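To start, the structure under review is shown below, and the notes come after it.
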Amino acid sequence: MRFELPADKRLVHEMTMPIRWGDMDAMGHVNNTIYFRYFEIVRLDWYFRAAAPHGITMLDKQGVIIVNAFCNFIRQLEYPGDVQARLYTANAGRSSFDTFLTLERTDEPGVVYCDGGATTVWADFEAKKSLSMPDWLRAIVA
């Protein structure tokens with residue numbers, strides 16, 4: 001089953017990451033679990049850059065959590081090279097929004113190697129329950 005990314009998503013962040021030798025598995029391509037790690041790196045880089053002006057840090061008692069995630073593996077990434085990642089948001093609700101990502105090699109612009117996404121929820125970490133998104137975050141993701 002392949003999940004499709006929505007057409008009405010909003011680009012909110014881009015970054016480039018190196019493909020590391022240790023990202024590969026015995027088959028000579030980037031291991032499937034690493035794609036989710038790339039997604040995590042991009043989401044956190046975007047989130048903490050966006051949150052910093054509002055005084056949000058990793059030590060706060062509220063923040064974002066992922067409640068589901070998916071990845072469509074389209075082509076095999078291989079070492080060496082760099083990955084161009086793009087992060088999009090869509091479907092902002094009271095406490096949640098969706099993130100979508102695409103990964104391309106920088107030496108093959110426009111060729112998507114994988115895409116995926118996750119549902120992200122604003123939560124109280126101690127109470128372990130969702131909360132309404134703060135206004136600053138809603139303005140970014142809506």
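The values are calculated or read from the model by the stated rules, or taken from the named source; none is laboratory data. Here the structure is a predicted model, which is why all the values come from computation and not from measurement. Reconstructed Cβ throughout: ideal geometry from the backbone, glycine too, with neighbour counts over all protein chains shown. All accessible areas refer to the heavy atoms of the entire protein, side chains included, with ligands and DNA or RNA removed. Shrake-Rupley method; radii C 1.70, N 1.55, O 1.52, S 1.80 Å.
Things worth noting here:
- Lys/Arg +1, Asp/Glu -1 at C-beta; the chain dipole; positive extreme among 93, 11, 41: 93
- Loop sites in region 98-142: trypsin sites (Lys or Arg not before Pro), DSSP, at most 15 other Cβ within 10 Å: 128
- Taken about its Cα centre, region 57-142 carries a charge dipole of about 400 debye when Lys and Arg each add +1 at the Cβ and Asp and Glu each add -1 at the Cβ.
- Degrees, to the nearest 10: 32-51 long Cα axis against longest axis of the chain: 40 degrees
- Subtracting the Cα-Cα distance of residue 107 and residue 79 from their residue separation scaled by 0.36 nm leaves 8.9 nm.
- Highest-MSF residue in the chain out of 98, 82, 60 [GNM, Cα springs under 10 Å]: 60
- Within a straight-line Cα-Cα reach of under 19 Å, residue 128 can be paired with the following aspartates and glutamates, leaving aside sequence neighbours fewer than 8 residues apart in one chain: 60.
- Net charge dipole size for region 21-74 [Lys, Arg +1 and Asp, Glu -1 on Cβ; Debye, nearest 20]: 180 debye
- Protein heavy-atom accessible surface, 1.4 Å probe, per residue over region 85-142: 41 Å².
- Inter-probe distance in nm under a simple model that places probes 7 Å from Cα toward Cβ, at residue 128 and residue 66: 2.1 nm
- Note on the chain: the C-alpha convex hull projects to 9.3 nm² when averaged across all orientations.
- When both region 2-16 and region 56-76 are represented by their alpha-carbon centers, they are found 14 Å apart.
- The dipole here belongs to region 64-108: it is taken about the Cα centre, uses +1 on the Cβ of Lys and Arg and -1 on the Cβ of Asp and Glu, and is about 280 debye.
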